[in-house]
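Colleague: Sharing a structure, written as structure tokens. Questions coming.
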Amino acid sequence: QGIFVLGLPYALLHSGYSGLFLIILAAALCCYTGKILIACLYEENEDGQLIRVRDTYEDIANACCKKLSPKLGGIVVNVTQVMELIMTCILYLVVSGNLLSHSFPYVPVNEKTWSVIAFVTLLPCVFIKTLKIISKLSQLCSLVHFIIILVVMSYCLTQIHQWSWAKFRLSIEFENFLVSVGVIIFSYTSQIFLPTLEGNMKNPGEFRCMLNWTHFFACILKTTFALTAFLTWGEETKEVITDNLPSFLQTLVNLCLLTKALLSYPLPFFAATEIVYACIPRGSHSNYRSPLFALGVRASFLLLTLLMAMFIPHFALLMGLTGSVTGAAMTFLLPSLFHLKLKWKTLSFLGKCADISVFILGFLCSLAGIICSIKGLIEAFG
């Protein structure tokens, strides 16, 4: 239940009743692809027992592409992972600028300048070397998120007398609908973390059950939050739902959101830089091991996220584009493709049909979402 849940009411604005169905469908599909991705980590031994022979998403990709090139699959997955993680960091900067500008409307500073101010507070990220610090930041992040959802939901419930199902659209604009698809997909993406998560579970045999319950509750919470917020504001629903709150609540919630965004930034940033750092050819030089070189890699990525946040200051459109490109690839396309490749001989006819259907659906959503999100960004830039 990340900060991007705040874009779901806006997605409902453009998708109507179908948006509710999409939130449920996305949960079911993401749960399924999570299971088949983990299945790709295992192979049967001579006794018919499942043995974990792979550890990461990259290992699965390399196993699928070993006939073409031993490293090709891993490179594709790593590039996609880094793109998604960096885009997530950019989104945190964009939303930070948005929140600061709405929290202090009387200060003569635009959103881009506020994003730079938020960026300055993130400079210490270049010195983070382990997950120990990030784990503490994540605990605080979860607490802040709980407060935000509680405040928004409580206010919406006080406005229940204004709710009307007539606010939902029966007819939708196809392009806006596809952007909504990207937003909804992006709010569920977790596949890049699942192999590591399953490998560290005390009882990996409970992984499938855990995935069922977490996606079920995520679906319930996302649907409830998006529905109550949209029924409260209807056509007035904004890209970031907290912008709809009355001024006496907006500043408080925006500052909480700002805190959450800044606390959330280090994890994807650290993960992205670690992937890039691990992919740099070591050769015979010792420079790559020097602390100064590692600091340079992290500083470069930090600056990259700021520059992109400055040029693409549209939260929902950027989230839709990210969901359509990397989210769809990591969540639908690659898991189904890898599962078909590695398990073709053991899959039932229905299993093959399910994987092929997920792949085709993911490809169509990704292609259409990319086109419409880019078009929306071009129009937003005038």
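The values are calculated or read from the model by the stated rules, or taken from the named source; none is laboratory data. Everything quoted here is computed from the prediction, not taken from an experiment. Here the Cβ is made from the backbone with ideal geometry for all residues, glycine too, and neighbour counts use every protein chain on show. Calculation scope for accessible area: heavy atoms of the full protein, side chains included, ligands and nucleic acids excluded. Shrake-Rupley method; radii C 1.70, N 1.55, O 1.52, S 1.80 Å.
Colleague: Inspect all residues belonging to the stretch 200-207 and state whether any of them is touching a residue at least 60 places away in the same chain (Cβ under 8 Å) and either polar (S, T, N, Q) or surrounded by 19 or more Cβ atoms within 10 Å (Cβ to Cβ) (or both).
Modeller: Within the stretch 200-207, not a single residue is touching a residue at least 60 places away in the same chain (Cβ under 8 Å) and either polar (S, T, N, Q) or surrounded by 19 or more Cβ atoms within 10 Å (Cβ to Cβ) (or both).
Colleague: Also, quick follow-up: Under 8 Å between Cβ atoms, at least 6 apart or on separate chains: pull out the pairs that start in the stretch 148-168 with a residue that is under 10 Å from residue 234 (Cβ atoms) and end on any residue that is of a type in the set (A, V, I, L, M, F, W, C).
Modeller: Note: pairs meeting the criteria are 163/231; 164/231; 167/230; 167/231; 168/12; 168/230.
For every residue, the table says whether it meets (1) modelled with pLDDT of 90 or more; (2) open to solvent by 70 Å² or more (accessible area, probe 1.4 Å); (3) of a type outside the set (Lys, Arg).
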residue	(1), (2), (3)
306	no, no, yes
309	no, no, yes
319	no, no, yes
330	no, no, yes
350	yes, yes, yes
368	no, no, yes
371	no, yes, yes
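Colleague: In the stretch 213-222, which residue that is more than 18 Å from residue 146 (Cβ to Cβ) and surrounded by fewer than 20 Cβ atoms within 10 Å (Cβ to Cβ) is modelled with the lowest pLDDT?
Modeller: Pass one, the stretch 213-222, residues more than 18 Å from residue 146 (Cβ to Cβ): 213, 215-216, 219.
Pick out the ones that are also surrounded by fewer than 20 Cβ atoms within 10 Å (Cβ to Cβ) and you get 213, 216, 219.
Values: 213: 95, 216: 95, 219: 92.
It comes out as 219.
Colleague: Take the stretch 223-234 and flag every residue that is open to solvent by less than 50 Å² (accessible area, probe 1.4 Å), polar (S, T, N, Q) and within 16 Å of residue 187 (Cα to Cα).
Modeller: Applying the first criterion (open to solvent by less than 50 Å² (accessible area, probe 1.4 Å)) to the stretch 223-234 yields 223, 225-234.
Within this subset, residues satisfying the condition of being polar (S, T, N, Q) are 223, 228, 232.
Once the filter is applied, which keeps residues that are open to solvent by less than 50 Å² (accessible area, probe 1.4 Å), polar (S, T, N, Q) and within 16 Å of residue 187 (Cα to Cα), the stretch 223-234 yields only 223.
Colleague: Quick one: how many residues across the stretch 110-135 are open to solvent by 40 Å² or more (accessible area, probe 1.4 Å) and under 21 Å from the mean Cα position of the chain (by Cα)? Walk me through how you get there before you give the answer.
Modeller: Narrowing the stretch 110-135 to residues open to solvent by 40 Å² or more (accessible area, probe 1.4 Å): 110-113, 116-117, 120-121, 123-124, 127, 129-133, 135.
Among the residues that remain, those that are also under 21 Å from the mean Cα position of the chain (by Cα) are: 131, 135.
Looking only at that region, the number is 2.
Colleague: Just need a number here: residues in the stretch 245-267 that are open to solvent by 20 Å² or more (accessible area, probe 1.4 Å) and within 13 Å of residue 119 (Cα to Cα).
Modeller: Within the stretch 245-267, residues that are open to solvent by 20 Å² or more (accessible area, probe 1.4 Å) and within 13 Å of residue 119 (Cα to Cα) number 4.
Colleague: Of the residues that make up the stretch 101-123, is at least one of a type in the set (Phe, Trp, Tyr), within 29 Å of residue 190 (Cβ to Cβ) and at pLDDT 80 or above?
Modeller: Step one: list which residues in the stretch 101-123 are of a type in the set (Phe, Trp, Tyr), which gives 104, 106, 114, 119.
Filter once more, so that each one left must be within 29 Å of residue 190 (Cβ to Cβ): 119.
Adding the requirement that they be at pLDDT 80 or above leaves 119.
Yes - at least one qualifying residue is present in the stretch 101-123.
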